[in-house]
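First up is the structure itself, then whatever we jot down about it.
The values are calculated or read from the model by the stated rules, or taken from the named source; none is laboratory data. Only a predicted model underlies this, so the values are computations on that prediction, with no experimental measurement involved. For neighbour counting, all protein chains shown are included, and Cβ atoms are generated from backbone atoms with ideal geometry for every residue, glycine included.
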Amino acid sequence: MLKQDDTFVLIGDSITENGRFEDPQGIGIGYAALIHDYLMVKHPELHLAIYNRGISGNRVTDLEDRWQQDVLDLNPDWVSISIGVNDAWSQTKHPDREQVYPELFEEIYDRLLRYTLEKTNARLILMEPTIIKEELDSEENQTLKPYIEAVHRLATKYDAILVPTNQAFQTYLEAESNVPVTTDGVHMNSKGDVLMATAWINAFNQSDK
């Protein structure tokens with residue numbers, strides 16, 4: 001599946017960004033760094049290029065504004081997208097701002113995926129939005145559900161690898177371990193990053209079977 005000199009772009013919001021601007025390598029310290037390290041160790045012979053293009057606060061509208069520069073200009077072979085948390089969370093956190101409701105979210109996301117396949121030969125990797133608060137029945141997590149459903153539809157439409165990150169958190173929280181996986185209900189601690197990276201790696205490896 002992987003080829004010599006393949007290029008990966010991991011794009012998203014602060015969950016993806018997670019220290020990349022402070023890191024000389026531009027990878028950061030979050031789930032993207034764990035994926036980077038896994039791929040580099042697993043495939044040392046391939047000389048892969050892996051770019052973190054997460055920016056804090058981003059919604060899908062922000063991704064569209066920077067898609068050409070941060071994705072297409074890199075001519076990627078793989079594009080991994082983690083977006084949707086801020087689109088949903090904004091409705092309770094910033095109710096006075098212009099909102100990106102699920103229908104618009106899916107419309108813009110669809111356009112980005114279609115454009116990517118028109119301009120590159122990239123394989124798409126779509127990550128479910130994670131969680132908003134570590135209570136599954138929170139208002140915010142209920143708001144997030146249609147965004148997750150949109151990602152599922154788009155993954156099917158574009159034959160993308162679907163990473164069940166939200167499901168991974170649901171399974172973890174249902175076990176009631178009482179060990180937090182976020183710092184504030186949204187941003188990952190090291191355990192949350194491991195959950196995300198593990199879900200990504202498992203989905204990626206299964207797609208090669």
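Considering only residues in the range 159-189 that are outside any helix (DSSP H, G or I) and among the acidic types (Asp, Glu), the one that is farthest from residue 83 (Cα to Cα) turns out to be 176. As a summary of the residue check, residue 70 satisfies the conditions (1) charged (D, E, K, R); (2) without any contact (Cβ under 8 Å) to a residue 60 or more places away in the chain; (3) under 24 Å from residue 21 (Cα atoms) except for the one numbered (2).
Every residue in the range 43-65 that is surrounded by 19 or more Cβ atoms within 10 Å (Cβ to Cβ) and part of a loop (DSSP other than H, G, I, E, B), please. Of everything in the range 43-65, those that are surrounded by 19 or more Cβ atoms within 10 Å (Cβ to Cβ) and part of a loop (DSSP other than H, G, I, E, B) turn out to be 48, 58, 59. Does residue 156 fit the bill of being part of a helix (DSSP H, G or I), of a type in the set (S, T, N, Q) and over 24 Å from residue 186 (Cα atoms)? Judged against the criteria, residue 156 is a match.
Close contacts from the range 44-56, counting a first residue that is of a type in the set (Lys, Arg) and a second that is part of a loop (DSSP other than H, G, I, E, B), with Cβ to Cβ under 8 Å and a gap of 6+ residues or different chains, come to 53/71.
For the range 92-135: of the residues being among the acidic types (Asp, Glu) and out of contact with any Pro (no Cβ under 8 Å at 6 or more places or on another chain), which is nearest to residue 160 (Cα to Cα)? Spell out how you get there, then give the answer.
Here is the first cut: in the range 92-135, the ones among the acidic types (Asp, Glu) are 96, 98, 103, 106-107, 110, 118, 128, 134-135.
Adding the requirement that they be out of contact with any Pro (no Cβ under 8 Å at 6 or more places or on another chain) leaves 96, 98, 103, 106-107, 110, 118, 135.
Values: 96: 34, 98: 29, 103: 20, 106: 15, 107: 17, 110: 12, 118: 15, 135: 29 Å.
Within the range 92-135, the match that is nearest to residue 160 (Cα to Cα) is 110.
Mind listing just one residue for me: the one in the range 1-42 that is assigned to a helix (DSSP H, G or I) and among the polar types (S, T, N, Q) and, of those, nearest to residue 163 (Cα to Cα)?
The initial filter retains those residues of the range 1-42 that are assigned to a helix (DSSP H, G or I), namely 14-17, 20-22, 31-42.
With among the polar types (S, T, N, Q) added as a condition, the list becomes 14, 16.
On the way: 14: 18, 16: 14 Å.
By that ranking, first place goes to 16.
Kindly indicate whether residue 59 is within 24 Å of residue 190 (Cβ to Cβ), modelled with pLDDT of 95 or more and not acidic (Asp, Glu). So residue 59 does not fit the description; no. Checked across the range 179-195, the condition of being in contact with a Leu (Cβ under 7 Å, 6 or more places away or on another chain), among the hydroxyl-bearing types (Ser, Thr, Tyr) and surrounded by 13 or more Cβ atoms within 10 Å (Cβ to Cβ) holds for no residue.
Only one entry of 143, 116, 130 meets the criterion of being surrounded by 19 or more Cβ atoms within 10 Å (Cβ to Cβ), over 13 Å from the mean Cα position of the chain (by Cα) and β-branched (Val, Ile, Thr), and that entry is 116. Tallying residues that are of a type in the set (Val, Ile, Thr), farther than 13 Å from residue 132 by Cβ and touching a residue at least 40 places away in the same chain (Cβ under 8 Å) within the range 182-209 yields 2. For residue 126, the stated conditions do not hold, so it cannot be described as farther than 20 Å from residue 104 by Cα and either in contact with a helix residue (DSSP H, G or I) (Cβ under 6 Å, 6 or more places away or on another chain) or not in a strand (DSSP E or B) (or both). Mind listing whichever residues of the range 4-30 are touching an Asp or Glu at 6+ places or on another chain (Cβ under 6 Å) and over 19 Å from residue 123 (Cβ atoms)? Across the range 4-30, the qualifying residue is only 30. Looking across the range 146-183, the residues that are over 14 Å from residue 109 (Cα atoms) and within 13 Å of the chain's Cα centre (by Cα) come down to 161, 162, 163, 164, 165, 166.
Here 73, 96 are screened, and the one residue that is among the charged types (D, E, K, R), part of a helix (DSSP H, G or I) and surrounded by fewer than 20 Cβ atoms within 10 Å (Cβ to Cβ) is 73.
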